[in-house]
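Novice: Okay, here's the structure, questions in a sec.
The values are calculated or read from the model by the stated rules, or taken from the named source; none is laboratory data. All values derive from a computational prediction rather than experimental measurement. Don't worry about glycine lacking a Cβ; one is built from the backbone with ideal geometry, like all the others, and counts go over all protein chains shown. For accessibility, only protein heavy atoms count, side chains too; no ligands or nucleic acids. Shrake-Rupley method; radii C 1.70, N 1.55, O 1.52, S 1.80 Å.
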Amino acid sequence: MIYSLFASPSFRAYQGTPENPNDSSLIADSIGGESIRYNLLYKKNESLPLDDTDSRVLTLPESTFSLTEWSIMVLKVIGKARLTTTGKDYDNTSNISAYMDTYGTSRYPGYVLLSTYNVSAFTVTGQEDGTVVEVFYGVSCADADARYL
Amino acid sequence: MFNFRQFSFVGANGDVGTTEFSQPFYQSFDVNPNVKLKTDAGKNAGDVIYLAAAGSATVQLPINYDTAERLFLEVLSEGICKIVVTSAEHSTSTALIKGESSARPGFFSTCQRVSTITLSNPTATGFNVQVSMFELPDLTDSDSYTMGPYAFNGVSV
């Protein structure tokens, strides 16, 4: 099954100041509309109820997934949680780890957004009892990817 | 003062050229556009940074940012960008952000007590990176919000 992914994450966090990057005509203009499309080969949705220190390992949705795949991830968090990734640096040799925390309430959920590659493991960890994490994640690809055509 | 955040991921099964018949498979419109998060002066910042081939840049934090508080950081990248964030919680966090172009940027966000942010371009081509950030106020405090008039079906009441 082949999907296209049309993403319009509207990062309209800022209002009006001249130095505001979201007022610029660079990336931000395209973010606000419907024009951004990520080719999506595979996707998954999960809802994870987590207490403090509870962990879940996210397994990307394809057994043939390789380290170099383009992974896209969105976490919506009510409570406190952390996304940890481990993988390789751009040189494909050095090990790197990233920690993306977020915090939110039902009125204003926290988000983690990530578009990455060279990641071998994704882990979500609760940092507060009663945290609920909704995860959307998938594997994207370039237009010319043979699997997408 | 900050507006809402909205995310909408819509899939078009098998047809990359049209969106008319696509079905959303991930949507999040949790924050009413008229609920605005307030932040204090000088506690937000943003920039568009050009990263030359093999270049790097240190991102300046908001001038009044209290590093004991959580900073919401959002990065969009037109190419493959390496981001290193140091913080009180994690000594060093390193991630690769994968983007292709301004039409298909890579994205990254985090919300932690940030000390430094460094961006670098490991590739042989220069590109722009957009950074937005603000100190997150107490989300459980109603004083952190401005409540505007609500709109139902396009009609403001």
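Novice: Quick check on my filter: what residues within the stretch A:99-121 are assigned to a strand (DSSP E or B), surrounded by fewer than 22 Cβ atoms within 10 Å (Cβ to Cβ) and more than 7 Å from chain B (Cβ to nearest Cβ)?
Specialist: A:SER120, A:ALA121 - these are the residues of the stretch A:99-121 that are assigned to a strand (DSSP E or B), surrounded by fewer than 22 Cβ atoms within 10 Å (Cβ to Cβ) and more than 7 Å from chain B (Cβ to nearest Cβ).
Novice: Under 7 Å between Cβ atoms, at least 6 apart or on separate chains: pull out the pairs that start in the stretch A:85-113 with a residue that is within 21 Å of A:ASP129 (Cβ to Cβ) and end on any residue that is among the basic types (Lys, Arg).
Specialist: A:TYR99/A:ARG82; A:MET100/A:ARG82; A:ASP101/A:ARG82; A:TYR103/A:LYS80; A:TYR103/B:ARG70; A:PRO109/A:LYS76; A:TYR111/A:LYS76; A:TYR111/B:ARG5
Novice: Given the conditions (1) charged (D, E, K, R); (2) free of Cβ contacts under 8 Å to residues at least 12 places away in the same chain; (3) open to solvent by 30 Å² or more (accessible area, probe 1.4 Å), and given that B:ARG104 satisfies all but one, which numbered condition is not satisfied?
Specialist: Only one criterion in (1) charged (D, E, K, R); (2) free of Cβ contacts under 8 Å to residues at least 12 places away in the same chain; (3) open to solvent by 30 Å² or more (accessible area, probe 1.4 Å) is unmet by B:ARG104, namely (3).
Novice: Follow-up. Among the residues of the stretch A:117-149, write down those that are within 19 Å of the chain's Cα centre (by Cα) and over 21 Å from B:LEU96 (Cα atoms).
Specialist: Across the stretch A:117-149, the qualifying residues are A:GLY126, A:GLN127, A:THR131, A:VAL132, A:VAL133, A:GLU134.
For (1) modelled with pLDDT of 75 or more; (2) open to solvent by 30 Å² or more (accessible area, probe 1.4 Å), each residue gets a yes or a no:
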{"residue": "A:SER25", "(1), (2)": "no, yes"}
{"residue": "A:ALA28", "(1), (2)": "no, no"}
{"residue": "A:ILE36", "(1), (2)": "no, no"}
{"residue": "A:LYS43", "(1), (2)": "yes, yes"}
{"residue": "A:SER47", "(1), (2)": "yes, yes"}
{"residue": "A:VAL57", "(1), (2)": "yes, yes"}
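Novice: Scan (1) at pLDDT 85 or above; (2) of a type outside the set (A, V, I, L, M); (3) surrounded by 15 or more Cβ atoms within 10 Å (Cβ to Cβ); (4) part of a strand (DSSP E or B) for the single condition A:TYR90 breaks and write down its number.
Specialist: Unmet for A:TYR90, out of (1) at pLDDT 85 or above; (2) of a type outside the set (A, V, I, L, M); (3) surrounded by 15 or more Cβ atoms within 10 Å (Cβ to Cβ); (4) part of a strand (DSSP E or B): (4).
Novice: Follow-up. Suppose we filter B:THR110, B:THR86, B:THR118 for residues that are open to solvent by 10 Å² or more (accessible area, probe 1.4 Å) and over 17 Å from B:ILE49 (Cβ atoms); which single one remains?
Specialist: From the options B:THR110, B:THR86, B:THR118, the qualifying one is B:THR86.
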